[in-house]
Amino acid sequence: MNNPNKYRLRRTMMFLNCQKPSLIKDPYVYKPDSIMLDLEDAVAEREKDAARYSLYHALQEIDYRGVERVVRINGLDTNLWREDVRCAVAGGCDSIRIPKTENADDVRTVEYAIAEAEREFSRPEGSVLIMAALESARGVINAMSICDSSERLFGIALSGGDYSKDLQVSISGTGVEFMGARQHMVIAARAAKVQCFDTVWTNLDDMEGFRREVEIIHSMGFDGKSIVNPRQIPVVHEIYTPKEKDVIFAEKVIKEIDTKKAQGIGVFTVDGKMIDIAFYDGAKRTIALAKASGVYKGDL
Amino acid sequence: MEIKKTAVAGTLESSDCMVTVEPADKGLQLELESAVIRQYGRQIRKVALETLKRLGVRKGRVSIVDKGALDCTIKARVECAVMRAAEHEGRINWGGMIR
Amino acid sequence: MINAVGREIPEEILEITGKEPFQGNFYRDDKPVTLHGPTIRPVMNNEKSKLVGSIREALEKCDAHDGMTVSFHHHFREGDLIVNMVMKEIHEMGLKDIRICASSLGKAHTALVPMIEDGTITDIESSGVRGGIGEAISKGKLKGLAIMRSHGGRVRSVATGESHIDIAFIGAPTADDYGNLRGIGGKADCGVLSYAIVDGNHADHCVAITDCLVPYPNFPAHISQTKVDYVCVVDEIGIPSKIATGAAKPTTDQRKLLMAQYCTDVVVNTPWFKDGFSYQTGVGGASIASTQYLAEIMRERNIHMGFGVGGLTKAMCKLLDDGMARVMLDVQDFDLDAVRSLKNPNHHRIPAAAYANPLNKGAVVNKLDYVVLASLEVDVHFNCNVVVGSDGMITGAQGGHPDTAQGAKCAIVICPLLQGRIPAICTDVTTVTTPGESIDVVVTDYGVAVNPARQDILQALKEADCVPLKTIEELRDIAYSIVGEPDKVEFEDRIVGIIEARDGTIMDVVRQIKEI
């Protein structure tokens, strides 16, 4: 199973209520990296059926112009999630977000249902990826095994609302209550070579607070953030835009290593300093980010 | 699908439509009210009737109050209202009856 | 006859109106024009009082009669009480066949609809009409033709005598007993009286209506005592909260912010953005946001605006207060901050004639570098429609759209690609109000299109690589791919209105809507 989308760029993952046609008709104009079409919390209990019909036709008929289409299904403790998976896979989604993931078995349970749906609706095996939202203390503690649970899993996301309740704290806006979870999750994700995403910021009146939080999670190593409003997108993308000197350095690293490797040379220098092969992946990431941010127009 | 009871789906928000399906003794009636009826009335009717046909609805009164919904939303709301009116439960035939 | 924007103007309409079809923007440039003077009754007797006890008395003293033309200004916007107040009297007097010549009419004037239906009002000349009157005209209830003309076009029509005003009614926030009028100092301030100045100059009779009588002389007067026959004091001339509202809160709608960003990127990357540039913009969320983005860049690059003009808002007046703009030229105030800003010595009132009249010796719009406009529809020929809705119903006003678009070196139209299901970029606009030759750039949430006639702008934007450039056809195709191609709206044969070009030629006709 080798899905090229597994490591795509996901700086911004925007939640959209499947039940609202005005939201799902053209969110791509805001240029998020991913949209998360929500069948879970945003949809009222009596509209769960309606949301699925909307989702199916949106996935089938709306050209999302390369934006990743993740579907958030209902929790494994409901009788809704299996039909959610069938609907999302049949519609042609790229990924499924599992809410309230407690352990690796949860991921495998969903993975089994996805594989079944892929066969039922004649989609290539492995075409649908998975991300797991960790929303409890137990889920966060199990981050490592969750990250290792499935080849389909591209990343884990912190879901701060439920997690803070489980931790018996309130959300302060300073991030102090999430410190442990964030650090632990990033380390687990990196160890398993998957991505890690931060929780939403819901106070739209406090854009300064939002900016501070994005700066923090960016420097902690998160790959991106879940967002609730398109206004948040430019802020995240700006903070995730590599600095000019980093882009220049990354370009030199890649060119140096590619050329020397082709010549069979194993010693690399940039600007007179020795570098090693460990710089290569980081440099590639920097260039990818720079391209997505529109600040790199080079030939790499 | 047999329309067993009155059911509604959708809202009157912008880009949405509200579909009401009621049982009828014979025939299929479609009423449409839309802010864009002069430019898209024909297209909305066509999509609604095709959807009803796919769902196998032969008898019923269907009314659509449209607020500028795209075709995909018209389909979704008609399907949802019909499925509710037919008291459908269980797995849904994605890609078959629903497409 | 097919005019210069490809619209069929029927011979009968040319005959009835005595007008020519539109022949291009500069058709009447440098051609001699004779101006019209009013027939007035001088006030020499120094014992005579101009105060009248009621509007009825004023009407009688001004020889109100069947078939006369009465005029109004729209500085009180949706808070206006004057039009309804005067027309109610005229209606009660049983007068018929009245022609209204207003600078604009809005939703506040729906009370006129029964008077259209019973033949009291048979002709309307206005920048446009919204709400009930628009619907009544579109449904064919007006006996005569509605004439929609721009702010500059109205001045041209009145000044050349094409529109002959029998009685002008000028709502004035303050007046003295001898008819010196000001837009400030009263209970319902609108700041300026720019649109009414031409009425004062050319109407046979002129009645000032105020709810705030002040001691003589009410100076400096915005309209002078030398133009005013009578002054009538009433309880209320307007609803202040609907005249100059509090400044609109900055928009938080990311779609508008996105278009605002594109618009600013277009402005700052075209050659006229340099110290001393001139600028006009509108009152919509995207326009105001783009002014704020522009202000940031002006600060960064130390570029100052030479002058700003137009209907003004807080965002524009702040540039003046912050020393970022040298002069503001004011024909209308959209918020209270703009009214307050008139205290600034560099904030000047100008008459609508100076602003936009095409047939004088050069209007301010001719000196504009940039104008930022909106539009209901733009077609692949860059023609704009700001008057008739895509459903065929009259629902908007020309305002200064055709004037500024023609005058400015770079006319930018901002509109979201889709309004609900309606595509704003289309193959042919429902009605042409501003010709494509005036429109240079169209900014949408899906990309920016440049009029191919403006290779200079296209080149500058390509080099700057600052906005997603599309052709206008591409934008239309994207719109149609999302919402489907709309069916053509069906009309009856009867023509209910004409869209007049700035110079008085006919841009397009509006037909009666078909009942469905």
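Are any of the residues in the range C:229-245 assigned to a helix (DSSP H, G or I), surrounded by fewer than 24 Cβ atoms within 10 Å (Cβ to Cβ) and at pLDDT 95 or above?
Taking every residue of the range C:229-245 in turn, none turns out to be assigned to a helix (DSSP H, G or I), surrounded by fewer than 24 Cβ atoms within 10 Å (Cβ to Cβ) and at pLDDT 95 or above.
For A:R138, indicate whether it is within 11 Å of another protein chain (Cβ to nearest Cβ) and over 18 Å from the mean Cα position of the chain (by Cα).
In short, no.
Going through the range C:254-295 one residue at a time, which ones are in contact with a Pro (Cβ under 9 Å, 6 or more places away or on another chain) and either assigned to a loop (DSSP other than H, G, I, E, B) or not aliphatic (A, V, I, L, M) (or both)?
Listed by number, the residues that qualify are C:Q254, C:R255, C:K256, C:Q261, C:Y262, C:G285, C:Q292.
Within 14 Å of chain C (Cβ to nearest Cβ), at pLDDT 95 or above and crowded, with 16+ Cβ neighbours inside 10 Å: does that describe A:R182?
no
Assess whether C:P416 counts as being closer than 18 Å to C:S287 by Cα and not small (G, A, S).
Judged against the criteria, C:P416 is a match.
With respect to C:I98, determine if the residue is farther than 23 Å from C:E135 by Cβ, in contact with a helix residue (DSSP H, G or I) (Cβ under 9 Å, 6 or more places away or on another chain) and surrounded by 13 or more Cβ atoms within 10 Å (Cβ to Cβ).
So C:I98 does not fit the description; no.
Just give me the residues in the range C:277-307 being more than 26 Å from C:R77 (Cβ to Cβ) and of a type in the set (F, W, Y), in sequence order.
C:F277, C:Y293
Rundown of residues vs (1) under 23 Å from C:L336 (Cβ atoms); (2) among the aliphatic types (A, V, I, L, M), yes/no style:
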site	(1), (2)
C:C232	no, no
C:S278	no, no
C:Q292	yes, no
C:A295	yes, yes
C:G308	yes, no
C:L319	yes, yes
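Within the range A:161-168, is there a residue that is crowded, with 19+ Cβ neighbours inside 10 Å, more than 14 Å from every other protein chain (Cβ to nearest Cβ) and without any contact (Cβ under 8 Å) to a residue 60 or more places away in the chain?
Yes, the range A:161-168 has at least one match.
All but one of (1) surrounded by fewer than 19 Cβ atoms within 10 Å (Cβ to Cβ); (2) touching a Pro at 6+ places or on another chain (Cβ under 8 Å) hold for B:A24, so report the exception by its number.
(2)
Restricting attention to the range A:115-129, does a residue exist that is in the same structural domain as A:V228 (by TED's automatic domain parsing), in contact (Cβ under 8 Å) with a residue 12 or more places away in the chain and under 19 Å from A:K225 (Cα atoms)?
yes
For the range A:220-240, how many residues meet the condition of being within 13 Å of A:F197 (Cα to Cα), more than 14 Å from every other protein chain (Cβ to nearest Cβ) and in a helix (DSSP H, G or I)?
Looking only at that region, the number is 1.
Give the range B:14-39 a look and list any residue that's assigned to a strand (DSSP E or B) and away from chain C (no Cβ under 14 Å), or say none.
B:M18, B:V19, B:T20, B:V21, B:E22, B:L28, B:Q29, B:L30
Out of the residues in the range B:40-49 that are free of Cβ contacts under 8 Å to residues at least 24 places away in the same chain and more than 11 Å from every other protein chain (Cβ to nearest Cβ), which is farthest from C:K488 (Cα to Cα)?
Going through the qualifying residues, I end up with B:L49.
Of the residues C:H205, C:H222, which is more than 23 Å from the chain's Cα centre (by Cα), assigned by TED's automatic domain parsing to the domain that holds C:G161 and buried (at least 18 other Cβ atoms within 10 Å of the Cβ)?
The unique qualifying residue is C:H205.
Of all residues in the range A:284-300, how many are over 17 Å from the mean Cα position of the chain (by Cα) and of a type in the set (A, V, I, L, M)?
The total comes to 4.
Suppose the filter is surrounded by fewer than 20 Cβ atoms within 10 Å (Cβ to Cβ), within 14 Å of chain C (Cβ to nearest Cβ) and either of a type outside the set (D, E) or touching a residue at least 24 places away in the same chain (Cβ under 8 Å) (or both); does B:E87 pass it?
no
Just to verify a result, which residue in the range C:329-348, among those that are touching a Leu at 6+ places or on another chain (Cβ under 7 Å) and of a type in the set (D, E, K, R), is surrounded by the most Cβ atoms within 10 Å (Cβ to Cβ)?
Checking each candidate, the answer is C:D333.
With the requirement that a residue be closer than 24 Å to C:A338 by Cβ and among the charged types (D, E, K, R), what does the range C:261-309 give you?
Answer for the range C:261-309, where residues must be closer than 24 Å to C:A338 by Cβ and among the charged types (D, E, K, R): C:E296, C:R299.
Suppose we filter A:E213, A:E208 for residues that are of a type outside the set (A, V, I, L, M, F, W, C) and in contact (Cβ under 8 Å) with a residue 12 or more places away in the chain; which single one remains?
Only one candidate passes the filter, namely A:E213.
With the condition kept exactly as written, say whether any residue in the range C:256-271 is surrounded by fewer than 21 Cβ atoms within 10 Å (Cβ to Cβ), touching a Phe, Trp or Tyr at 6+ places or on another chain (Cβ under 8 Å) and in contact (Cβ under 8 Å) with a residue 40 or more places away in the chain.
Within the range C:256-271 (the criterion being surrounded by fewer than 21 Cβ atoms within 10 Å (Cβ to Cβ), touching a Phe, Trp or Tyr at 6+ places or on another chain (Cβ under 8 Å) and in contact (Cβ under 8 Å) with a residue 40 or more places away in the chain), the answer is no, since none of the residues qualifies.
So which pairs qualify, if the first residue must be in the range C:419-441 and away from every other protein chain (no Cβ under 14 Å), the second must be buried (at least 24 other Cβ atoms within 10 Å of the Cβ) and among the aromatic types (F, W, Y), the Cβ gap must be under 6 Å, and the two must be at least 6 apart or on different chains?
C:G436/C:F382; C:I439/C:F382
Return the pair list, or none, for Cβ contacts closer than 7 Å from residues in the range C:464-490 that are more than 8 Å from every other protein chain (Cβ to nearest Cβ) to residues that are surrounded by fewer than 18 Cβ atoms within 10 Å (Cβ to Cβ) and assigned to a helix (DSSP H, G or I), at least 6 apart or on different chains.
Listed by first residue and then by second, the contacts come to C:L469/C:K462.
Pick from A:I248, A:I257, A:I287: which is part of a helix (DSSP H, G or I) and in contact with a Leu (Cβ under 7 Å, 6 or more places away or on another chain)?
Only one candidate passes the filter, namely A:I287.
From the list C:G152, C:G186, C:G134, which one is in contact with a Pro (Cβ under 6 Å, 6 or more places away or on another chain) and assigned to a helix (DSSP H, G or I)?
Selected residue: C:G152, the only one of C:G152, C:G186, C:G134 that is in contact with a Pro (Cβ under 6 Å, 6 or more places away or on another chain) and assigned to a helix (DSSP H, G or I).
Give me the strands (runs of 3 or more DSSP E) completely within the range C:333-395, filtered to those with at least 1 residues that are of a type outside the set (D, E, K, R) and modelled with pLDDT under 95, ordered by residue number.
By residue number, no strands (runs of 3 or more DSSP E) qualify.
Counting only residues that are surrounded by 16 or more Cβ atoms within 10 Å (Cβ to Cβ) and acidic (D, E), which one in the range A:205-257 is farthest from the chain's Cα centre (by Cα)?
A:E256
Criterion first (part of a strand (DSSP E or B), of a type in the set (G, A, S) and under 27 Å from A:T109 (Cβ atoms)) does A:A157 satisfy it?
yes
The values are calculated or read from the model by the stated rules, or taken from the named source; none is laboratory data. What you are looking at is a predicted structure, and each value in this text was computed from that prediction instead of being measured. Glycine also receives a Cβ, built like all others from the backbone with ideal geometry; neighbour counts cover every protein chain displayed.
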